[in-house]
Structures are given as structure tokens and as C-alpha cells.
Amino acid sequence: MSLLAQVILASAVALAASQCPDEFFEAGSGCYAVIDEPGQNITWSQCRSLCQELNADSDLATFDNAEQLAAFSLAWLTEGASYEDYPYMWIGVSKVDGEWQSLDGKPVSLQSDMWGEGHPHEMGTSAFLIDVTMANGIESYGRQYYHCSMGTFEFHRRCLCRSQ
């Protein structure tokens with residue numbers, strides 16, 4: 001096989017690998033979908049079930065680092081324009097045996113710069129993204145941070161899902 005043919009084949013494979021499933025959009029290295037249920041009250045567990053129903057490889061979204069979260073925040077500036085303003089989205093981070101971790105069991109440091117100011121706190125059991133500036137009524141630049149719930153039965157209307 002010629003070098004040109006190898007480059008074309010490698011490019012085609014990379015393009016196919018980077019495409020997201022239907023209803024998902026690409027942000028950084030991930031494929032995300034938003035489930036938005038205006039007027040509904042959805043718990044973290046209910047959101048997780050809704051995400052898992054999207055396809056065999058989807059669950060609540062997790063982020064490996066602040067750069068990945070920033071890439072999502074940037075993409076959300078465009079993708080979120082078609083949604084009603086609402087600053088909260090459940091994500092795949094929860095407290096297990098007193099420690100914060102993502103759904104794959106990776107610990108989430110209490111000192112991570114993904115957490116918003118004052119979070120996490122002792123009462124929290126699950127995490128959600130918050131656009132802090134939107135929540136405070138200030139024009140938003142779309143930067144998202146982790147916040148934690150006040151307890152097991154906190155509700156939000158939006159879920160952020162990720163397909164692997």
C-alpha cells in the first residue's frame with residue numbers, strides 16, 4: 001500500500017472514530033447529549049436512567065480534567081443556544097462511601113478546579129454542572145463548574161449525557 005493510501009485510510013478511520021451518535025454533539029474528545037424536561041423535577045438517579053436509555057454506550061457525563069470541562073463549556077455556548085436558559089445539568093459524579101468519584105470509580109479531588117466556590121460540601125450526595133454567572137443573573141460566558149446537591153432528593157430538569 002502506498003504512503004498516500006495509508007494516510008487516506010488513517011484519516012478516514014480517525015474521522016469515523018470522532019463522529020458522535022445521533023442526538024449527540026462533539027465537545028473536545030467527547031460526545032454529549034442533553035436531556036431537557038421543562039417543568040419536570042428529575043433526580044440524579046432518574047437522569048442516569050434516561051441517559052442510559054439513549055444508547056448502549058451512554059451514561060451521565062463525566063470529565064477527566066478541567067480542560068475537558070472547559071472544552072464542553074465552550075461547545076455549550078453554541079449547542080445551548082437552542083435550549084431555554086437554565087443553569088443546571090446533572091452529571092455522573094456522586095459521593096460513594098464518603099468520597100467523591102465519577103461513575104467509572106475515579107476519585108474527584110476536593111481540590112479540583114472543576115468544583116465551584118464552596119463545593120463540595122458535607123451534605124452533598126451527587127453533582128451537577130452549574131453556569132454560575134447565569135445562576136446569579138449575570139450575562140454568562142458559558143463556564144460550567146461542579147456543584148453538589150443538598151441531599152438525595154434534589155431535583156433539576158436537565159441531564160448531561162455522554163456516549164463512550
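The values are calculated or read from the model by the stated rules, or taken from the named source; none is laboratory data. These numbers were taken from a predicted model, which means no experiment stands behind them. Note that we place each Cβ from the backbone using ideal geometry, even for glycine, and neighbour counts take in every protein chain shown.
One line per residue, one yes/no per condition, for (1) within 23 Å of ARG157 (Cα to Cα); (2) charged (D, E, K, R); (3) in a strand (DSSP E or B); (4) at pLDDT below 95:
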position: MET1; (1), (2), (3), (4): no, no, no, yes
position: VAL13; (1), (2), (3), (4): no, no, no, yes
position: ASP64; (1), (2), (3), (4): no, yes, no, yes
position: ALA75; (1), (2), (3), (4): yes, no, no, yes
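Only a single item in (1) closer than 23 Å to ASP36 by Cα; (2) touching a His at 6+ places or on another chain (Cβ under 7 Å); (3) free of Cβ contacts under 8 Å to residues at least 40 places away in the same chain is not met by GLY124, and it is number (2). Scanning region 37-56 for residues being modelled with pLDDT under 95 and either within 12 Å of the chain's Cα centre (by Cα) or under 21 Å from PRO21 (Cβ atoms) (or both) gives a total of 3.
Anything in region 82-121 that is among the aliphatic types (A, V, I, L, M), in contact (Cβ under 8 Å) with a residue 40 or more places away in the chain, in a loop (DSSP other than H, G, I, E, B) and crowded, with 18+ Cβ neighbours inside 10 Å? List them, or say none. The one that is among the aliphatic types (A, V, I, L, M), in contact (Cβ under 8 Å) with a residue 40 or more places away in the chain, in a loop (DSSP other than H, G, I, E, B) and crowded, with 18+ Cβ neighbours inside 10 Å: MET114. Does region 131-140 include one or more residues that are within 19 Å of CYS47 (Cβ to Cβ), modelled with pLDDT of 90 or more and surrounded by 17 or more Cβ atoms within 10 Å (Cβ to Cβ)? No. Residues of region 53-67 that are farther than 14 Å from ASP104 by Cβ and touching a strand residue (DSSP E or B) at 6+ places or on another chain (Cβ under 8 Å): LEU54, ASN55.
Condition check: at pLDDT below 95, among the acidic types (Asp, Glu) and buried (at least 16 other Cβ atoms within 10 Å of the Cβ). Does ASP59 satisfy that?
no
Within region 15-36, the residues that satisfy the criterion of being modelled with pLDDT under 90 and over 15 Å from THR62 (Cα atoms) are LEU15, ALA16, ALA17, SER18, GLN19.
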